[in-house]
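Structure first, commentary second.
Each value in this text was obtained by applying a stated rule to the coordinates, not by laboratory testing. Note that the structure is predicted; figures quoted are calculated from it, not measured. FYI the Cβ positions are ideal-geometry reconstructions off the backbone, even for glycines, and counts take in every protein chain you see.
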Amino acid sequence: MVLLGAESAGRVKALKITILSTMLADGDELGEWGFAALVEADEHRLLFDTGAHADVVLKNARSLGVDLTTVPDVLLSHSHSDHTGGLLTLRKSVREKTPAALSRAHVGEGIFYPRRSGVTRQPDLSMVALKGEYEATGGMFVTYTQPVQLYPGVWLTGPVPRKYPERNWSGSARMTTPTGDAEDNLPEDLALVLDTEQGLVVLTGCGHAGVVNIVEHARSVVRPARVHALIGGVHLFNAKEQTLSWTAEKLRGFGVDHLIGAHCTGIESVFRLRADLGLDRAHAVVGAVGAKFELGRGIDARKIAQ
Ligand SMILES: [Zn+2]
Ligand SMILES: [Zn+2]
């Protein structure tokens, strides 16, 4: 009994995830090419990514009645601006009322590597600049090289080993690492994993590490449970047939109960995964702003994606 109690103490009992930025929106909210979601895990509230435009997550949070002044932690899945664009605006919007709100930004090692992108390979130091500006507001970055349990049952994967060559990133950008120049494969890309009695809930930003790599890593780090929900972007919007069928087969092997395919998952890929995973429209939807997943209740897709 004691052992069981100790084990279940490491599980999240109440969980609600609300999407605050993605392409699809209805009601008064705004859509954008980006991603953000509020995570409420037991008594802990975390913001996962911050959208693309400076003010879209702020506007959507207000429209949805989401209070960000009670959220101390921000997680940035990776360096791309469609996930980091709202950070400063959001921090500035809450710090006067609550200095500790949105004041800790958790990131993976590599997020601050200098990048060079585009045809001209212009140096891109935007994350280095953002770090300075965020710290000037009293914010602090915490960088991880390994998985970490932030709160009981609330895990950050840290950088994800690239066991399979999923290559889920678009560009031809380069980066400067401590060991030299390399292709920018977003080494910092991390996901959030919530350990629940029903299984793992995995939240991804762009899933550049590859959704199969991410889920396998989560299952080896946290526990080899089925995936109760997969939520966020997994960068399959332009995936070829072979990639889609391989990904679906692997995910089917893990067992996936719910899917909210938002952001760069791609609409066609969500429907394809829904069919291949044997899910129905109550259990697999295109993610919209305001869509929710709640433990014990499942998905509330809102209007347009139902
Ligand atoms: Zn990205
Ligand atoms: Zn993205």
Being part of a loop (DSSP other than H, G, I, E, B) and exposed (fewer than 14 other Cβ atoms within 10 Å of the Cβ) is the filter; apply it to the range 135-160 and report the residue that is farthest from ligand 2 (Cβ to nearest atom). Gly138
Regarding Arg223, is this residue in contact with a helix residue (DSSP H, G or I) (Cβ under 9 Å, 6 or more places away or on another chain), away from ligand 1 (no atom under 16 Å from the Cβ), touching a residue at least 24 places away in the same chain (Cβ under 8 Å) and charged (D, E, K, R)? no
Which ones in the range 71-103 are of a type outside the set (A, V, I, L, M) and not in a loop (DSSP other than H, G, I, E, B)? Asp73, Ser81, Asp82, His83, Thr84, Thr89, Arg91, Lys92, Ser93
Considering only the range 52-70, I want to know if a residue exists there that is part of a loop (DSSP other than H, G, I, E, B), crowded, with 24+ Cβ neighbours inside 10 Å and within 14 Å of ligand 2 (Cβ to nearest atom). no
Give the residues of the range 232-277 that are over 17 Å from His208 (Cα atoms), more than 16 Å from ligand 2 (Cβ to nearest atom) and either touching a Phe, Trp or Tyr at 6+ places or on another chain (Cβ under 9 Å) or in contact (Cβ under 8 Å) with a residue 40 or more places away in the chain (or both), sorted by residue number. Gly255, Asp257, His258, Glu268
Tell me, which residue of the range 247-264 that is part of a helix (DSSP H, G or I) and within 13 Å of the chain's Cα centre (by Cα) is nearest to Lys292 (Cα to Cα)? His263
Scope the range 265-284; condition over 19 Å from Gly253 (Cα atoms), in contact with a strand residue (DSSP E or B) (Cβ under 9 Å, 6 or more places away or on another chain) and part of a helix (DSSP H, G or I); matching residues: Thr265, Ile267
Collect the residues in the range 72-102 that are over 14 Å from the mean Cα position of the chain (by Cα), within 16 Å of ligand 1 (Cβ to nearest atom) and under 20 Å from Leu156 (Cβ atoms), keeping them in residue-number order. Gly86, Leu87
